[in-house]
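Inspection log for the structure reproduced underneath, given as structure tokens.
Please treat every number below as a calculation from the coordinates, not as lab data. This is a predicted model, so every value here is computed, not measured. Glycine gets a Cβ as well: all are built from the backbone with ideal geometry, and neighbour counts include every protein chain shown.
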């Protein structure tokens, strides 16, 4: 068994805390962040006369309690208000450089170094939360479509068995067969999805007024940087980067004339360069872009008619006259995207010229020459194509390799450790949780009677524990639709097989992970592969211990993870909301009781012990129960909160409350956070 030595200077590898936030049962819609409110472009912006912004009321489930809005204390003599004080309405203001619409933030800072309020969120955080909400919507509709088709198949099979069990006369049987053939043809049509899940997700978010930047804007979008990547056009729509899921040219219509009286409209705001037109030319900082219209969208993408100087084509021409830059997005094929493409934001370009000419198919097309503005971050070909040239193909390519596989073959995929900073760590790798003999695990639950892979959630009792459906969707090997208070999986007492979708977290590791040493944060973990949002990454393993049996020096142990599901269901200062409620568990009943069990990964553990903290993490902790249903002994799993590109460090929120680490003498230990996130809380605890 390989041994490694861990540096004691890892201020980021500290006592972990499992985070489950609420006993309430919000729907998957309740997690969506509230978007920026902005005045309509049809009216001239006059701050003194503006009406207060409309209230956005989130959808409530029957058992959900409405979260109170923080408000200033009101004197007794003042009349009572049903809601908190209205927020100041953002004004439409002019960007002196890009002539764009921006939302003027009116929040006042406190000017001290205390932890930042959770309610204050940067533009980048709002973009990230909106994309997470879109992913939950998308997976929800994928799951709904899979369930609809499965119900049709089940009904068809049931009807077939019923028909075979009965004997009827030949004339009636012939008539039934004829009707069945006709019904089967109708069923085949019903099985075809009426609408793509990503488009349904856009529609749902638009109905709930939860998309960012619903008013089109010129120039950069707050929270989106050059080099940021998106896995579908739908993702770009919900954050306001490119507001149409199909058209290549996004433009502002005549209604914006009220705000920009000196401009000629329509006016282009963004284009997508994705190779749909055979006449496109791309020479890095200079682009020859083909206008829209006249090509075969459903066929071979070739030009089949002349283009006209109208709509988007006219908008690009007007960009020349108005001297206004447009956003450029580059799209390329990618197997790791569910749409088959990945889109990279390349920054701002000026449209410098345009002309009509006969294209390759002898039809008139409009050409536009665009030149990239100087002073912007440069993109390499590998970034645009989502190919990381420095991703190792094998451990032989790694610089500073200290161990080829820290798991010693226990994992199906080797986990190398690299170190170019100091000495290697020392610990024993264990794939599963080490349970001492003195700790008694509850007996297995009876489980489900399903055969095969639990195809139908309607008949599986384990699925019903999660609500009305499985917690996972059959996609990319199983993905969690949304973070939940508890995920109930099939366990040892169930009759289903290992390929059951409701055993997703029990399967072997899927992604090639690497443990590497950083100069400032100690050890860290990254993936060589793209990890889709909702995918399980790893379990947090170690030695299971009773919290009351820890020695007096346990404060120095940087690898303790409290299994404190009940105490953290109320929420980590609102940082992570969860859907679903826990049956037969009342968090209030044991709110003051100490954490009974913890996981000690100091001397024994797996790759999860090396994952660092971040105030803006790309992983989240999920409590999972399978063989037994004792929440005090839940399995601790880490899932992807976002789609994580190769070589991006994996992080999660350690879940500390401020001033929560107290020494036996009553001294509060304060530790500065160095995660570097835009919304860093400044302190870890």
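Figures for the structure shown
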| quantity | calculated |
| --- | --- |
| Full-extension gain in nm, residue 336 to residue 520, via 0.36 nm per residue minus C-alpha separation | 63.1 nm |
| Counting all C-alpha pairs of the range 226-376, share separated by more than 19 Å (%) | 53 percent |
| Modelled FRET efficiency - R0 56 Å, residue 474 with residue 262, Cβ distances, 0.05 increments | 0.55 |
| Label point distance in nm, residue 373-residue 548, each placed 7 Å from Cα along Cα→Cβ | 6.4 nm |
| Order of 350, 509, 663 under a 10 Å beta carbon neighbour criterion, fewest first | 663, 350, 509 |
| Linear extension gain, residue 244 paired with residue 311, 0.36 nm per residue minus alpha-carbon span | 22.8 nm |
| Label point distance in nm, residue 647-residue 209, each placed 7 Å from Cα along Cα→Cβ | 4.4 nm |
| Separation in nanometres of the label points that stand 7 Å from Cα toward Cβ, at residue 153 and residue 671 | 4.8 nm |
